[in-house]
């Protein structure tokens with residue numbers, strides 16, 4: 001089923017294929033353009049932040065470079081926005097009529113994402129603020145410490161009735177309506193036992209997102225910027241079908257190692 005959805009032209013890009021877990025190696029935009037229209041129920045995307053410009057930050061009490069790799073090199077706003085428009089356009093084509101998309105980002109990219117969603121006539125449902133209580137300190141002491149990320153949730157069709165598991169979210173929140181400020185620590189060391197990715201998301205965060213917006217175990221979920229594969233790991237634990245795309249082989253290998261390690265089952 002997943003092989004049919006990705007299209008014949010993408011078959012050569014299959015990096016890993018096991019049951020309902022499929023990884024593609026290559027440029028996301030090119031691969032998205034060849035995927036079947038209206039075939040995916042849910043998309044989670046953590047696109048490049050375009051932060052790799054030689055700056056420094058604090059990690060584990062040490063001064064480290066913010067450079068993440070060639071895929072995250074700085075670009076002009078026009079270049080960043082054009083990139084965001086193109087991949088979001090393809091995601092809209094691929095999403096089912098009642099499908100939704102989640103996009104995570106920082107101030108460096110998320111405002112372009114918001115504008116692009118409006119330009120492409122998505123309907124933004126929520127602006128989630130993810131608060132990180134254990135965020136790294138600010139070394140320069142010249143501005144407030146960054147301790148949040150924004151996650152936008154949008155639906156493809158303004159008229160479509162999208163799925164939202166209101167009851168499950170309320171139950172998670174001690175019987176009260178869940179609000180749009182979520183508190184999750186940064187990724188645990190135990191979730192990085194097979195290797196590290198510079199923008200790895202915690203399993204608990206993706207668990208909430210997928211449970212909130214994916215109704216059936218048969219749902220097909222896509223992550224066009226697979227990274228460390230957290231979206232896929234959670235999909236596997238929740239019995240969802242998963243398609244992940246990444247340009248970097250080392251991160252696909254990391255994802256495979258995580259997928260094959262049953263210890264991940266103990267992280268919930």
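The values are calculated or read from the model by the stated rules, or taken from the named source; none is laboratory data. Note that the structure is a prediction, hence the values are computed from the model and not measured. A quick note on method: Cβ atoms are made from the backbone with ideal geometry, for glycine too, and the neighbour counts reach across all protein chains shown.
One table, with the values for the structure above:
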item: Any hit, the range 157-168, residues being modelled with pLDDT of 95 or more, in contact with a strand residue (DSSP E or B) (Cβ under 7 Å, 6 or more places away or on another chain) and closer than 26 Å to residue 252 by Cβ; result: no
item: Any hit, the range 62-81, residues being part of a loop (DSSP other than H, G, I, E, B) and either at pLDDT 95 or above or exposed (fewer than 13 other Cβ atoms within 10 Å of the Cβ) (or both); result: yes
item: Positions within the range 181-211 being touching a residue at least 12 places away in the same chain (Cβ under 8 Å) and either over 25 Å from residue 134 (Cα atoms) or exposed (fewer than 12 other Cβ atoms within 10 Å of the Cβ) (or both), in sequence order; result: 181, 183, 190
item: Filter result for the condition that a residue is exposed (fewer than 12 other Cβ atoms within 10 Å of the Cβ), without any contact (Cβ under 8 Å) to a residue 40 or more places away in the chain and over 18 Å from the mean Cα position of the chain (by Cα), over 158, 170; result: 158
item: Pairs where the first residue, in the range 74-89, is within 17 Å of residue 120 (Cα to Cα) and the second is at pLDDT below 95 and surrounded by 13 or more Cβ atoms within 10 Å (Cβ to Cβ), C-beta under 6 Å, 6+ apart; result: 80/50
